[in-house]
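Undergrad: Handing you this structure, nothing more for now.
Just so it is clear, none of the values below were taken in a lab; they were calculated from the coordinates. Given the structure is predicted, the values throughout are model-derived calculations rather than measurements. We place every Cβ from the backbone using ideal geometry, glycine too, and count neighbours over all the protein chains shown.
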Amino acid sequence: MSEQYPVTEQVVASFANSKSDRYREVMQSLVRHLHAFAADVRLSQDEWDTAIDFLTRVGHITDDRRQEFILLSDVLGLSMLTVAINADTEGATESTVLGPFFVADAPEIELGGDLAQGAKGTPCYVSGVVRSADGTTLPGARIDAWEADEDGFYDVQYTGDRTAGRGWLRAGPQGEYRFWSVLPSPYPIPHDGPVGELLTAGQRGPMRPAHLHFKVAAPGYRPLVTHVFVKGDPYLGEDAVFGVRDGLIADFAAHDGGTAPDGTERAGRWAQLTFDLVLAPEEGK
Ligand code: BEZ
Ligand code: FE
C-alpha cells in the first residue's frame, strides 16, 4: 500500500453534495484512484509537467477530423475495457471498438451491391445473415460497413471527399445480407501525434490487424458495433488498440477465378467472407 495523503480525503469529501449519486460515485472513485496512482509511482514534478504538456498537445491536435483523446483511450485499452464492462449477451456477436473512421451519413448501397466504390484491393464477397441468438432472422436490419483499402487507408484519410470502402444496406426478407468490397489490410493507427510518441516511448507498434467494421441496428435489439478480423493476419496478437476477440477472427477464403456466389464470373483473385451478425434483444425484451 502506498502512502495516504490528507488531500485525498479532502477532495473526496468535496464531492459529497454532488447533484446525483452517480456523479458522486464516479468522481470520488476517480479521485481515489488518481491519487493512489500518483502516490504509488511517487509522481515527480517533472513527470506531472510532462503529463500536462502531453494532454495539452492531445487537445491541440484534436479537431473535427481527428480525435486524439479517443485514440489515447484506445491505446490505453480504456475503450476496449468499456466495451467489455458493457458486455456482450450470450450467443450474440462479440463487440469491439468503434474507432475514429465511422461516418454516420455514408451512402446506401443495394443488397449485393458494391461497397468498394473504387477502393483499391482484392475484391471480396461478404455475406451472411442478421439474426438473434435464437435464430430469429432480422429482415430490414441496417448494416453499416467500412474498411481501409489495400494501402491501409480509409477514404476519409485521403484529401477530397470521395467515399470508398464504406456504405450501408438493409438485410433482405430472410435477414440475409451480401455485398462486394475489398479484402481488408492491416494498417497503422494515426501515430504522427502525441499518441504516436506514447507508443514509441513504450516500444509499442501502431499496427491494427486487417479487419472489416460493422455497425448493425434492428428495432428491439441492442445495436452491435464490431469488426471481423482476417484469420492469419500477422498483427492479431499485437493490435495497438486491443480490439481482437477470438470469435471475431474469420476465414477470408481465397479464390482464383470461377463463379462467385452471386453468379458473376470472376477473372483473377477474389476473397470471400461468410459471417452471421447476431444481435441481442434490448434489455427487458
Ligand atoms: C479502427 O479500427 O478504425 C481504429 C480503431 C481505433 C483506433 C484507430 C483506428
Ligand atoms: Fe479500422
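Undergrad: Across the range 175-192, in residue order, what do the Karplus-derived ³J(HN,Hα) couplings come to in whole Hz, using 6.51 cos²θ - 1.76 cosθ + 1.60 with θ = phi - 60° and x for Gly and Pro?
TA: Result, ordered by residue: x, 6, 9, 6, 7, 9, 8, 10, 4, x, 10, x, 7, x, 5, x, 10, 9 Hz.
Undergrad: Related question: Could you check the simple spin-label distance between His33 and Glu265, using points 7 Å along Cα→Cβ, in nm with one decimal?
TA: 6.1 nm
Undergrad: For every helix of n ≥ 4 consecutive DSSP H residues, a contribution of -39,500 (n - 2.57) applies; sum these over the chain, divide by its total residues, and give [θ] at 222 nm rounded to the nearest 500 deg cm²/dmol.
TA: Roughly -7500 deg cm²/dmol at 222 nm, from the helical runs in the chain.
Undergrad: Would you mind working out the magnitude of the charge dipole of the chain relative to its Cα centre, with +1 at each Lys and Arg C-beta and -1 at each Asp and Glu C-beta, to the nearest 20 Debye?
TA: 440 debye
Undergrad: Which FRET efficiency value, to the nearest 0.05, is calculated for Ser2 and Leu76 with the Förster distance at 25 angstrom and r the Cβ-Cβ distance?
TA: The calculated FRET efficiency here is 0.75.
Undergrad: Modelled label-to-label distance, Asp49 and Asp134, 7 Å Cα→beta-carbon offset: nm?
TA: Going from the Asp49 label point to the Asp134 one covers 6.3 nm.
Undergrad: Let me know the charge dipole size of the range 2-43 about its Cα centre in debye, to the nearest 20, where only the beta-carbon of Lys, Arg (+1) and Asp, Glu (-1) is charged.
TA: About 160 debye.
Undergrad: OK, next. How high is the relative contact order of the range 150-285? Use alpha-carbon pairs under 8 Å, at least six apart in sequence, and give a whole percent.
TA: 17 percent
Undergrad: Going by the alpha-carbon gyration tensor, a ≥ b ≥ c the square roots of its eigenvalues, is the range 1-93 rounded (a/c under 1.5) or, if a/c is not under 1.5, prolate (a/b greater than b/c) versus oblate?
TA: oblate
Undergrad: Return the sequence-ordered ³J(HN,Hα) values of the range 115-131 in whole Hz as given by the Karplus equation 6.51 cos²θ - 1.76 cosθ + 1.60 applied to θ = phi - 60°, using x for Gly and Pro.
TA: 8, 5, 6, x, 4, 6, x, 5, x, 9, 8, 10, 8, x, 10, 8, 8
Undergrad: Would you mind getting me the FRET efficiency between Lys19 and Asp105? Use the beta-carbon distance for r and R0 = 45 Å, nearest 0.05.
TA: 0.80
Undergrad: A follow-up question, please. Where does the chain land on the Kirkwood hydrodynamic radius, alpha-carbon pairs, in angstrom?
TA: 21.3 Å
Undergrad: Another question, if that's okay. Short version: ³J(HN,Hα) in whole Hz for each residue of the range 76-84, in order, from phi by Karplus 6.51 cos²θ - 1.76 cosθ + 1.60 (θ = phi - 60°), x for Gly and Pro, what are they?
TA: Result, rounded to whole Hz: 8, x, 5, 4, 6, 4, 5, 4, 5.
Undergrad: Fewest Cβ neighbours within 10 Å first, please rank Trp48, Trp168 accordingly.
TA: Going from sparsest to densest Cβ surroundings: Trp48, Trp168.
Undergrad: Something else: Expressed as a rounded percentage, what relative contact order does the chain have, with Cα pairs under 8 Å and six or more residues apart?
TA: Here the relative contact order equals 20 percent.
Undergrad: Ok, one more. Amide H to amide H, which residues 5 or more places from Arg208 or on other chains are under 5 Å from it, using H placed in the peptide plane?
TA: Those lying under 5 Å, H to H, from Arg208 are Tyr187, Ile189, Ala240.
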